[in-house]
Structure formats: C-alpha cells, structure tokens
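Taken together, the values in this text are just the output of simple stated rules run on the coordinates, not laboratory data. Keep in mind the model is a prediction, meaning the values are calculated, not measured. Methodologically, a virtual Cβ is constructed for each residue, glycine included, from the backbone with ideal geometry; neighbour enumeration extends over all protein chains shown.
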Amino acid sequence: MEHRLISAIETALGWNGAGELGKGFVRGSVNDPDLISRLLTPNRLLDIVMRRSLNRPQFRVFQESEEVHPAVYFTDSVSPRGQSIPMVNMLSLGRLLEEGATVILDQANLFDPTMEVACRALQWWSHERVQVNSYLTTNEASGFPLHWDDHDVLIVQLAGEKGWEVRHTSRAVPLYRDADSNDIPSEEILWSGVMKAGDVMHIPRGHWHQATRNGHGSGKSLHVTFGITKRTGASWLAWLGDWCREKEIFRHDLNRRDGAAFHALMETATQLITERPPADFLSAYEQAMPLPRQVPFLNVFGSLDTVVCTTHFPPRMEENGETVDVLGSGKKLTFMAKALPSLRLLLSGAPVSPAGAASVVGAEVAEVAEILVKEELCAVLTPELSSGYTGLVTNAIS
C-alpha cells in the first residue's frame, strides 16, 4: 500500500523503509501543507468527539497537568423513553479549551476513516501493530510530566506549535512488564525545541520526553502520535510458552526430587526453541491477528462496486503450480492460478473497482472480489471509508 503519509515521513526523517524504527531519535519536517491539513484538524477532531458516545480513558481532558473529572464535561443525552447515553457536553468542553486545556482522544483510528487507513498503511509498512492518539492543546496548558513510552512513536504536528524536550534512555529498551521499574529520568537531553505544523519526530521506546504549551501564549497545538508496538525476544519466549503445552513433558507437574526429569525438560525446551525460531513467531503473529471491523456485504444493498483489502497486515500469496493460496487474518483461501493477477490487485491495499479492473486483469476479478469480501479479507468501500483513501493512497490500477 503506497500511502502519502508514509512517503512524507520517510522523506522527512531520511528513512528508506521501516528498518530505522526504534534505532534512534530523529526529527524532520514534511514539506506538504495539504497533506498535514488533510490528516486531521482541530475542528474535525472536535466534530468526532461531538458525534460519539465516548468514555474515559479513551477520551480525557487535562488542565495544569491534572485530569479534569469527567462530570465537568460529560452529560447524559436522555431519549423520550428515558434511555441515557453519555455524551461530551461541547459547551463545557469549549469553556475548558478557552481557559487552556489538553484534549486527548486515544485510538482515533477507531472513529475516523483517515486515521484508520493511515494506521493500516503504517502496519503494512512496519509489520507491527499501530494505533494513533490525538492531542489538542490550547493556550498555555501544560502536558504530561517527563515520562517514557513502552513503544516507539511517530509524532506528526498538524496545527499550531508545542514545546518538547526529549532525553536519552535511563534503561536500554525497557518493557511495560519489566525486571526494573525504570523511574529515574536520564539527565542527557537529546533535543529541546518547538514542533510546528508539518514537523515529524520519532521517539524510540524508553526515551524520556515531555511536551507543553507553557510560555507560548494564546494559541493551539494539535498533534497525533502513532504508537508502534514492536515484538521483542520476550514476546517470542511468551509465544513459545504457549506452544510448549503441545508436548506432554511440559504438562507434567514439576518434581523437585527428580533431576532426570529436569534434564529431560531442558533438553525438550532446547528442541522447542530450535523447532520454532523467531522468524516463525513473526510470521505467525501476523496470521493470528483477528479480522478487522468492516461493513458486511449484503446482496440486498446492491451489487459490489468498489472493494479494498482491510487486513491488519498484507496477506501472503503462495503459488503452488496450478493453484495459489492466500493467507491472512488466520484464514487460508485457495484459488486457481489464473486468479493471481486479480489477487495481486485486490490485495494491494488500494481501492479497486472490479468493473474497471476487468480490462486489466480479466473478467474473473469480479468473482474473486466477491469471495474476498465474503471471507472478510476485503471490505466494501463505503463513502465514509473511501474518504480515508482519497488523495492519500495510490490508485491500484495505476
């Protein structure tokens, strides 16, 4: 999937692919104002908040580094029959923003198609899970105190400006669940400055950082943080822990007086490590991801117009002579080899119109598309979902 945001990030940071993720702090600037405003604006973020029933901790508001109690800005929308739905009171939220506050919407990709597609593109690019959180700050509101994240982040400043300080790690590649609490910040400052609209920054896991608008006067800041959770050696060992149950020796009770059994256990563990190397874990992880949410295809709604592959990671295609297997989201579908051109197009990650593609890859593309949609590897491109691709993802036919 060729996404405009990824090309812009690579250019800004001097990267060639996702191989630099997590290797070091780096920042740059995107020379494409139209892209920046296309991704998200303050008003569009508030519109998303207004139209949905949200709850803490997914939606939060902070003032002076302290969380504002939800009762201040939430209210119940009560139907004529007494049904109550919690909604953000936009007038109350507006007053908080006028005073100076930070509004946080976690996992904005669940609510906004542009953010959804951006995260999917980053997942296809990095082969890691990605979610995006949005941060809108007004006037001189301060942000979170100095902290570190247990995942790599890509930060894109979309509007206004915000001051940042980034420090080195005090523990190499710390984990969320770790042997050390890692609560003493490093004294080594890597960068301190202001992020302005179009600026991009990569902060690897474990680097201490903080952001604030203190001292910036009236104004605003909107940035999004793409959190990229990479797998580690500890992840691989945890995966092996699940596979060990397949062997009877690991299901027996431990007997502290049976040294021979301990020796056999260690030998079998060594064998398991050899049988299931890290590469197998990386491949299995992508296949284990569940099917994403999507609008179901129903014949009563009309014919299949345009489709797009929505799996969390790019499906694999394995050619086997007269057949080709498609593996994605825990499914394995087998097609005749003549379907391969259609599959390559339909599983490219870009929207495809079967009718328009027939002249390029053959008439069977319509049947293949219907199968992929029914198996939920592809989805119907609704107008809302289409808005997440328009002007951002290269057309599949081209």
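Can you work out D for the chain in µm² s⁻¹ from Stokes-Einstein, where Rh is the Kirkwood radius over C-alpha pairs, the temperature is 20 °C and the viscosity is 1.002 mPa s? Let's see the in-between values first.
Values: Rh = 23.9 Å.
Estimated via Stokes-Einstein, D reaches 90 µm²/s.
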When Lys and Arg each count +1 and Asp and Glu each count -1, what net charge do the other residues less than 15 Å away from SER192, Cβ to Cβ, add up to?
0
From the phi of every residue in region 292-302, what ³J(HN,Hα) in whole Hz does the Karplus formula 6.51 cos²θ - 1.76 cosθ + 1.60 yield, where θ is phi - 60° and glycine or proline is x?
x, 5, 7, 6, x, 8, 10, 4, 5, 8, x
If you find the alpha carbon centre of region 233-307 and of region 146-199, how far apart are they in angstrom?
32
For region 1-110, the Kirkwood Rh over every pair of distinct alpha carbons, in Å, works out to 16.9
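Calculate the all-directions average of the projected area of region 4-229's alpha-carbon convex hull, and give it in nm².
Values: hull surface 53.3 nm².
That works out to 13.3 nm².
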Sort out for me the Cα centre separation of region 377-398 from region 1-37, rounded to whole Å.
21
Using only the Cα atoms of region 233-285, build the gyration tensor, take square roots of its eigenvalues as a ≥ b ≥ c, and label the shape rounded, prolate or oblate: rounded if a/c is under 1.5, else prolate if a/b is larger than b/c, else oblate.
prolate
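Compute the signed sum of charges (Lys and Arg +1, Asp and Glu -1) over the other residues within less than 13 Å, Cβ to Cβ, of HIS202.
On the way: positive: LYS23, ARG27, ARG205, LYS230; negative: GLU10, GLU20, ASP149, ASP152, ASP199.
Net charge in that neighbourhood comes out at -1.
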With each label point set 7 Å from Cα along the Cα-Cβ vector, what nm distance links ASP34 and GLU99?
4.2
If you stretched the chain out fully between THR323 and ASP47, how much longer would it get, using 0.36 nm times the residue separation minus the C-alpha to C-alpha distance?
94.6 nm
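Between LEU146 and ALA288, what FRET efficiency follows from the Cβ-Cβ distance if R0 is 51 Å, with the result rounded to 0.05?
On the way: r = 36 Å, r/R0 = 0.70.
The formula returns an efficiency of 0.90 here.
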In the P(r) worked out for region 304-380, what percent of Cα pairs fall beyond 19 Å?
25
ASP183 to ASP242: FRET efficiency via 1/(1 + (r/R0)^6), r the Cβ-Cβ distance, R0 30 Å, to the nearest 0.05?
0.45
